[in-house]
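Student: This is the structure I want to talk about, given as structure tokens.
The values are calculated or read from the model by the stated rules, or taken from the named source; none is laboratory data. Since this is a predicted model, take the numbers as computed values, not measurements. FYI the Cβ positions are ideal-geometry reconstructions off the backbone, even for glycines, and counts take in every protein chain you see. In case anyone asks, the SASA skips ligands and DNA or RNA and just uses the protein heavy atoms, side chains included. Shrake-Rupley method; radii C 1.70, N 1.55, O 1.52, S 1.80 Å.
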Amino acid sequence: VLDGYAAEAAALGAERVLALATSAVRDARNGPGFLHGLGERYGWATRLLGGEEEAETTFRGVTSDRSLAAGTLLVDIGGGSTELLVGGPEGVSFAASLQAGCVRLTERFLASDPPTAGELEAAAAHVRSLFPALAVQSAIGVAVTVTTVAAIDLGLDAYDPVRIHGHRIS
């Protein structure tokens, strides 16, 4: 995958590449070595984002092409963590990174395929115990987990970013 990214960056004429790492690299014992290896192999600058910085980066991305109403919750469900932000026209009023990513929860709670009702309830109870009480008016989900749910909701056979972007899920 990284070889493909490097080839694409070169083909597009990138003069500098910054590789940002998040939850999986934060948690990995060899995370710093992994980032160093990226720099050595590809010549990329690398940076490990902290959880709150990851959440704030999500906010900047979402607000790059829209304004947010006050009390908007942004949700980024990753593999290792979930970032939550509440913001609006005045910026971010709350940001947190929770150890509740879809891979982390699957590995910890879902041993069966399909998962049993008990496994699903245990996972749900754990997630509920982590999530703070937030007063929000609306929510926007970003990244692969949410866009996959949107694709399923739309019944898509192939990924279609135009249809997924802005899709509302009840």
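Student: Exposed loop GluC sites (Glu not before Pro) only (DSSP loop, at most 12 other Cβ atoms within 10 Å): please give the longest stretch of the chain free of them, not including the sites.
Tutor: For GluC sites (Glu not before Pro) (loop position, at most 12 other Cβ atoms within 10 Å), the longest site-free span of the chain is 91-170.
Student: I need the shape label for the range 22-112. Rule: rounded when a/c is under 1.5, else prolate if a/b > b/c, else oblate, with a, b, c from the alpha carbon gyration tensor.
Tutor: Here the range 22-112 falls in the oblate category.
Student: At 0.36 nm per residue, and after removing the present C-alpha to C-alpha distance, how many nm does the segment from Ala10 to Val136 gain when stretched out fully?
Tutor: 41.1 nm
Student: State to the nearest 20 debye the size of the charge dipole of the chain about its Cα centre, where the only charges are +1 on K and R beta carbons and -1 on D and E beta carbons. Can you show the working numbers first?
Tutor: Working: 12 positive and 20 negative charges, 43 e Å.
The calculation lands at about 200 debye.
Student: In whole percent, what relative contact order does the range 3-57 give with Cα contacts below 8 Å and a gap of six or more residues?
Tutor: Computed value for the range 3-57: 40 percent relative contact order.
Student: What is the local net charge at Leu2, summed over the other residues whose Cβ is closer than 11 Å to its Cβ (Lys, Arg +1; Asp, Glu -1)?
Tutor: -1
Student: Using 5 Å bins from zero, what percent of all Cα-Cα pairs in the range 108-161 falls into each bin?
Tutor: Over the range 108-161, the share of Cα pairs per 5 Å bin runs 4, 14, 14, 15, 25, 18, 9, 1 percent.
Student: Keeping the other protein chains in place, figure out the carbon and sulfur percent of the accessible area of the range 16-170, with a 1.4 Å probe.
Tutor: Carbon and sulfur: 56 percent of the exposed surface of the range 16-170.
Student: Calculate how large, on average over all directions, the projected area of the Cα convex hull of the chain is; give the answer in nm² to one decimal.
Tutor: If you wrap the Cα atoms of the chain in a convex hull and average its projections, you get 12.2 nm².
Student: In Å², and per residue, what accessible area does the chain have when probed at 1.4 Å with the other protein chains present?
Tutor: 63
Student: Calculate the tail of P(r) for the range 58-153: the fraction of all Cα-Cα distances greater than 18 Å, expressed in %. Each step should come with its number before you reach the end.
Tutor: On the way: 2347 of 4560 pairs.
The answer is 51 percent, as a whole percent.
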